[in-house]
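J.: The structure follows.
Values quoted throughout were computed directly from the atomic coordinates according to the rules given, and no laboratory measurement underlies them. Since this is a predicted model, take the numbers as computed values, not measurements.
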Amino acid sequence: ALAALITHAGVYIAQSAAGLYKVQLGGGDIQSGTNAVSLPVDTPKSPFTHIVLYFVSTLAKQTTSPSSTPIVDVYSSCSAVAFLDKDLDNDQLGGTITWSPPSSTAEVT
C-alpha cells in the first residue's frame with residue numbers, strides 16, 4: 001500500500017550509509033519503477049563509501065535513513081581459459097577446462 005505512494009527516487013554516492021556529503025547520480029530524481037542509473041566512467045571512488053537511495057512519495061521526500069549499500073570496488077579475472085574436447089561424438093562435449101587464477105584472490109568468493 002505504501003509502495004503505491006512512491007513516485008520518484010534519488011540515487012546518490014555518499015560518504016556514509018546515512019548519506020553524508022552525497023552527490024546525486026542520474027541527473028535528478030528518477031521515476032518510480034526505474035531500477036538502474038549509470039555511474040559515469042572514471043568517477044573517483046574516494047571519498048565515497050556507499051550508494052544511497054532516498055524515496056519521494058506523493059506526501060514528502062525522504063530526508064533520513066536512506067536505503068544504502070557499501071561500494072565494493074574490486075575486480076578479479078582469470079586468464080588462459082582453455083578447453084580440449086575429448087568427446088569424439090558430434091554435438092557432445094567432454095574434457096578438462098583449465099585456467100590461470102587471478103593474481104590476487106583476496107576478494108574472490
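J.: What list of ³J(HN,Hα) couplings, whole Hz, do you get for the stretch 95-106 from phi and the Karplus terms 6.51, -1.76, 1.60, once you set θ to phi - 60° and write x for glycine and proline?
T.: Running phi through 6.51 cos²θ - 1.76 cosθ + 1.60 with θ = phi - 60° gives x, 10, 9, 10, 7, 9, x, x, 4, 10, 10, 4 Hz.
J.: Given a 10 angstrom Cα cut-off, can you work out which residue in Tyr12, Tyr21, Tyr54 is the most mobile in a GNM of the chain?
T.: Sorting by GNM fluctuation, first place goes to Tyr21.
J.: Please identify, among Leu25, Leu39, Leu88, the residue showing maximal mean-square fluctuation in a Gaussian network model of the chain using a 10 angstrom Cα cutoff.
T.: Its mean-square fluctuation being the largest, the pick is Leu88.
J.: Of the listed values (i) 17.7; (ii) 23.5; (iii) 18.7, grab the one calculated as Kirkwood radius over Cα pairs in Å from the structure here.
T.: Evaluating Kirkwood radius over Cα pairs in Å on these atoms matches (i).
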